[in-house]
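No value in this document is a laboratory result; all are computed from the given coordinates. Note that the structure is predicted; figures quoted are calculated from it, not measured. In this analysis, Cβ positions are derived from the backbone assuming ideal geometry, glycine residues included, and neighbour counts consider all displayed protein chains.
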């Protein structure tokens, strides 16, 4: 029974390993089902770790500056979710009210008394879930690492997963296969390995590479001891040279895949991080004696790249010179998005638009010459600034500073030759992610961030480790135990010792019960998201099976709506998808009364989506379509007008509205929208839009 708390430590280790394996391989965990499972693993790892530390009096292991900054970040996201008095929010960040002001002016809807700073609360709640999961993984890894064996075990899991993902990516690229795992195709992007973007893979591959490189350096002493034989002064226990060679091969293949992914930002960040690792090795003293392993890995990587061929890599890197001399020639859209995101941050300086709301809010502030679904501005810093303002950026920089300071201090202070290489690899990981995030979006993949959180938790713990094992704190009643042993003849002291022991057991039991209840509450959130994903799949499948003879459509719609309200009531995308299904069902029905009933249901569901995500102009246009179907062109015009005002610089939405009204037989609103679209298209020199305008005018 004395060892039963260590069962929870094993649970923590298993969950951490599953997280670093499942997260990247499940398509980067960008879909709701994947990041929900990842959150379940994270919360389970944290709860098991907390229970173990409470039972062994090591709860203080969670108190670190990085965890404190993470908690401050969660508090910021919660503040974004809380409804503020409209007058107070107007003073602090008046731009947060712009959609509500437009509704008041155009639709006549009164300004609410309380308004959330987040422009889309559901997306912010999902960001809070993800942030909590990342923080849980960091804290659990930080607490779990108490010995070299555990450190090695987690690092091997990261390296093995990185190797598998790299092999998938290389084989996929060499075979010219566009499907992920040869099974799943994507409509856009540049898939590499299990990721939908080669930029994301490059960031993940760099994390796995430098983590494995640190382990290789740490075990490298075993190779030198093997060659020295009896004459060597062994500072470390000898390691199996064949395992080290296998580890070096896995690390090298991961490095090859990072370069072969052809991510310009990823390759540049990878090279700069390698230089930073060399400098960190020099700071590490004893780790500097193993620099021979760096050129060995580099030679293997260069050899594989030579065998694969340098032409694609050179051609890709040559575009960097064109970007520097003529930015608009290649990456005009990226620079435009950076400027737009910067302007968004300046307009929402204190609290931002809300964590996770960039894809929803950006169209209202976009100056792109084309209309597309922009999930991020191709710069993590600009995206964070737009979503969280100066407050969020300060927290991110603070956490980064704490990590670097602790690791650099560990390199100077620690003397353990096994731990120093891990710290040097940690410097490479931080530099690769930090530099790559300037020009790409690696942290938009939960699988990458989950792996990063675990690795950083390990390295941060390594920075304070100096022995083979960090013993737990002595029990709080150790002093009383010694007194009891020294004065065994005193019944009064024996009774007091028993009372203290019972009190400690009761307190530990109470804390364990509270942790268990907290775990149940935390896991309820991702479980609800899993159910919501299942409901989404059901709606999509039902839409494919619709026929004029389909029965029980109304019952299905009501059941789906109740399910959404139960599992994910703030998910505007789900309501929009259900409204689309209802609209499609109405089109397949021949009975006028039944068709009208379904059209009214579609309108009702679409109104819910608009209320949840008011800044999304597409929801407004769909609502206008529903009003036209019900013979209410006046209300359709109001919401179309509001959609056009939200996308003030987009002529395409006006062309879309004009075509919609013209198809419904209303020429006057179509003419007005075409005039506005023509003015915007002429000002921005959009010839394709002007041709669309002429095509529609020919039908008048």
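So here's what we get for this one:
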read-out: Spatial extent of region 72-222: Rg and Dmax, with the Cα atoms as the point set, Å; value: 23.3, 76
read-out: Relative compactness, region 163-219, computed as alpha-carbon Rg over 2.2 N^0.38 Å; value: 1.26
read-out: Descending semi-axes in Å of region 1-109, equivalent ellipsoid built from Cα gyration tensor; value: 42, 20, 11
read-out: Residue order, fewest to most beta carbons within 10 Å, for 106, 267; value: 106, 267
read-out: Taking 448, 564 and counting other C-beta atoms within 10 Å, the order from fewest to most; value: 564, 448
read-out: Förster radius 35 Å - calculated FRET efficiency between residue 31 and residue 517, Cβ distance, rounded to 0.05; value: 0.75
read-out: Radius, Kirkwood style, for the chain when every pair of distinct Cα atoms is counted (Å); value: 28.2 Å
read-out: The chain: angle of helix 264-283 to the longest principal axis, Cα-based, in degrees nearest 10; value: 20 degrees
read-out: Cα centroid of region 574-599 to Cα centroid of region 370-440, whole Å; value: 48 Å
read-out: Protection proxy ranking of 146-156, 427-437 - average other beta-carbon atoms within 10 Å, highest first; value: 427-437, 146-156
read-out: Among 69-82, 384-397, the order from most to least packed when residues are scored by Cβ within 10 Å on average; value: 384-397, 69-82
read-out: Projected-area average for region 109-151 over all orientations - Cα convex hull basis, square nanometres; value: 4.2 nm²
read-out: Most to least packed among 351-361, 398-408, 123-133 [average Cβ atoms within 10 Å]; value: 351-361, 123-133, 398-408
read-out: Between 0 and 90°, nearest 10: helix 667-684 axis offset from the chain longest Cα axis; value: 50 degrees
read-out: Dimensionless Rg ratio for region 521-697, taking C-alpha atoms and the 2.2 N^0.38 Å reference; value: 1.16
read-out: Rounded tilt (10° steps) of 380-413 against the dominant C-alpha axis of the chain; value: 10 degrees
read-out: Value of [θ]222 nm, deg cm²/dmol, for the chain, DSSP H segments ≥ 4, -39500 (n - 2.57) each, nearest 500; value: -24500 deg cm²/dmol
read-out: Order of 103, 649 under a 10 Å beta carbon neighbour criterion, fewest first; value: 649, 103
read-out: Theoretical FRET efficiency, 1/(1+(r/R0)^6), r = Cβ-Cβ of residue 314 and residue 531, R0 51 Å, to 0.05; value: 0.55
